[in-house]
Amino acid sequence: MARALAATIALILLTTCGLFVVHPWWFPSAISAAASSIDHQFAVTFIVCLILFALAQGTMAWFVWRYSGDRQSAGMGGGRGNARFERAWAAVVTVLFVSLGVVGYRVWARTTLQGSPPGTLRVEVWGEQFAWYFRYPGPDGQFGPVHPDLMNDGTGNYLGLDRDHDAASRDDIVAATLTVPVGQPVELRMRSKDVIHSFFVRELRIKQDAIPGSVSAIHFTAERAGQYEIVCSELCGLGHYKMHADLDVVTADEFQEWLVRQSQSQ
Ligand SMILES: [Cu+2]
């Protein structure tokens, strides 16, 4: 029985290592410059975890196999352990994981919290159950104030803008698609109308919560044109599964044409 257990552990270990080497499921190719450092950090974390996993599981399988049916050790009533070894192992694991956390945080902060260089396109991202809205400030560069009492999805005033009284709101563009020009830095300001949502684009390697009552900014520069999926990665209610939108990365000229079309339809 014990040997069957040892063989099962070894089989799980080999299967895991095999899946790691072959990695049949992996990220889609990245479309932003910053994504390569995220991928690198992910690979380092993955390799460290795999080595620890293989060491722990391999050792366990070997011990179970080696001492199965060993009457002498069975009669000893179990080992007393080795406190010094356990403390050293716990210390090594702690240092490893804290280091991974610190390095990972620095990579994440460098890629998503960087400042806004001149020419950055600012877009507000609004999450609501169960849709995304994207607001562009228009030619004045100003986002007009939002009035929660004016929010009405039925009339199309999703963000509660008062275009009659707020001058800064008049040229604001609200769209259901996030359209950005290729090669231009973008700052997303994440907001929510109701509960916590999470903005996730796999190809950008960006995942950021949208929290009601707060605004958090993240940055990216898309380097390849195309259409990509935006999903909500925070379980936000019954319709969470259908909360998604498109990210369209287009040329600068196409972006200007899109802005004109959108401003005419507001
Ligand atoms: Cu959501």
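The values are calculated or read from the model by the stated rules, or taken from the named source; none is laboratory data. These numbers were taken from a predicted model, which means no experiment stands behind them. In this analysis, Cβ positions are derived from the backbone assuming ideal geometry, glycine residues included, and neighbour counts consider all displayed protein chains. When the accessible area is computed, the model is the full protein with side chains, heavy atoms only, and any ligands, DNA or RNA have been set aside. Shrake-Rupley method; radii C 1.70, N 1.55, O 1.52, S 1.80 Å.
Things worth noting here:
- Being out of contact with any Pro (no Cβ under 8 Å at 6 or more places or on another chain), under 30 Å from residue 249 (Cβ atoms) and surrounded by 11 or more Cβ atoms within 10 Å (Cβ to Cβ) is a property that does not hold for residue 48.
- Residue 241 falls short on exactly one of the conditions (1) in contact with a Gly (Cβ under 6 Å, 6 or more places away or on another chain); (2) within 16 Å of the ligand (Cβ to nearest atom); (3) over 26 Å from residue 111 (Cα atoms); (4) hydroxyl-bearing (Ser, Thr, Tyr), and that condition is (1).
- Segment 113-125 residues that are touching a residue at least 12 places away in the same chain (Cβ under 8 Å) and closer than 26 Å to residue 196 by Cβ, paired with ones that are open to solvent by less than 60 Å² (accessible area, probe 1.4 Å) and among the β-branched types (Val, Ile, Thr) (beta carbon under 6 Å, 6 or more apart): 121/186
- Criterion (touching a strand residue (DSSP E or B) at 6+ places or on another chain (Cβ under 8 Å), assigned by TED's automatic domain parsing to the domain that holds residue 96, more than 20 Å from residue 65 (Cα to Cα) and not aromatic (Phe, Trp, Tyr)) met by exactly one of 33, 43: 33
- The strands (runs of 3 or more DSSP E) found wholly in segment 168-266 and carrying at least 3 residues that are of a type in the set (A, V, I, L, M) occupy 173-175, 185-192, 244-250.
- Pairs where the first residue, in segment 218-232, is closer than 17 Å to residue 252 by Cβ and the second is away from the ligand (no atom under 16 Å from the Cβ) and of a type in the set (Phe, Trp, Tyr), C-beta under 6 Å, 6+ apart: none
- Flag if residue 226 is surrounded by fewer than 18 Cβ atoms within 10 Å (Cβ to Cβ), within 16 Å of the ligand (Cβ to nearest atom) and farther than 17 Å from residue 123 by Cβ: no
- Restricting segment 61-77 to residues that are among the polar types (S, T, N, Q) and surrounded by 10 or more Cβ atoms within 10 Å (Cβ to Cβ) leaves a set whose member that is modelled with the lowest pLDDT is 73.
- Odd one out for residue 250 among (1) of a type in the set (A, V, I, L, M, F, W, C); (2) modelled with pLDDT under 95; (3) over 21 Å from the mean Cα position of the chain (by Cα): (2)
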